[in-house]
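Scroll down for the structure; my scribbles are underneath it.
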């Protein structure tokens with residue numbers, strides 16, 4: 001878990017937090033898929049067999065996989081990136097993060113974050129994307145804390161192993177851990193997500209709301225009377241928040257593998273059109 005530098009006294013009880021999923025909730029697309037072009041141009045994803053495999057996994061994920069299928073995809077994609085050089089990845093992401101991510105934040109999400117902050121609530125970004133990419137985005141929007149997937153590296157390279165996968169029930173566990181550490185009253189707290197896989201996260205708080213929900217989550221929200229929000233206006237982060245200078249960022253292997261999937265989709269689609 002990452003502290004974005006705005007935390008108050010963790011011993012004060014009964015504080016309220018607002019937990020935000022990142023992809024398609026705060027920003028308009030996958031934070032990791034957004035990096036497909038720079039990683040492809042950087043030579044990290046260039047082998048035909050890897051790209052075809054990644055493309056298949058991309059289509060598989062986009063079609064709406066269940067939890068078991070997502071788990072198998074996760075294992076495939078993380079092993080795909082085992083051995084990638086961490087410093088090379090860090091350099092590429094550091095050079096492109098602001099240009100790629102800044103225009104993607106939803107105006108409605110920015111306004112909602114500001115509203116929670118004005119009410120004295122702490123804002124937490126919690127995402128299955130790698131913590132090295134989640135943390136700087138969270139810092140840009142003024143979040144107090146962030147939680148993302150933690151990958152293992154050894155001797156400067158990704159091992160393909162995951163220390164903490166911030167997905168499904170693990171998101172709810174992370175929220176409860178933060179609540180214990182910082183005195184959050186979860187019954188009075190809020191959570192926002194677009195995906196039915198985040199149901200445990202939404203159920204962990206007293207005030208869940210769904211944002212641009214998938215079909216399954218929309219059905220649940222309707223049945224339970226949860227607010228259904230529509231975010232549709234991406235704007236630049238720079239136009240609303242002061243981004244800290246000198247922020248060093250990297251992306252974990254799970255994020256890289258998702259980027260590989262997107263590049264694979266583009267490559268394989270191009271090959272099919274040429275045929």
With viscosity set to 0.692 mPa s and temperature to 37 °C, compute the Stokes-Einstein D of the stretch 80-221, Rh being the Kirkwood radius across alpha carbon pairs; µm²/s, no decimals.
199 µm²/s
Looking at the P(r) of the stretch 118-191, how many percent of alpha-carbon pairs lie beyond 19 Å?
40 percent
When the stretch 140-180 is reduced to its Cα atoms, the Kirkwood hydrodynamic radius in Å
11.9 Å
Residue 94 versus residue 236: modelled label distance in nm, points set 7 Å from Cα along the beta carbon direction
2.3 nm
Determine one quarter of the surface area of the Cα convex hull of the stretch 99-141, which equals its mean projected area, and express it in nm² to one decimal.
3.3 nm²
Evaluated at q = 0.13, 0.21, 0.27, 0.31 Å⁻¹: base-10 log I(q)/I(0), Debye formula over Cα of the stretch 157-211:
-0.36, -0.76, -1.05, -1.23
What order, most packed first, do the peptides 132-143, 177-188 have when packing is the mean number of other Cβ atoms within 10 Å of each residue?
132-143, 177-188
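Bear in mind that the values in this text are calculations on the coordinates, not laboratory data. Since the model is a prediction, treat every value here as computed from it, not as a measurement. For neighbour counting, all protein chains shown are included, and Cβ atoms are generated from backbone atoms with ideal geometry for every residue, glycine included.
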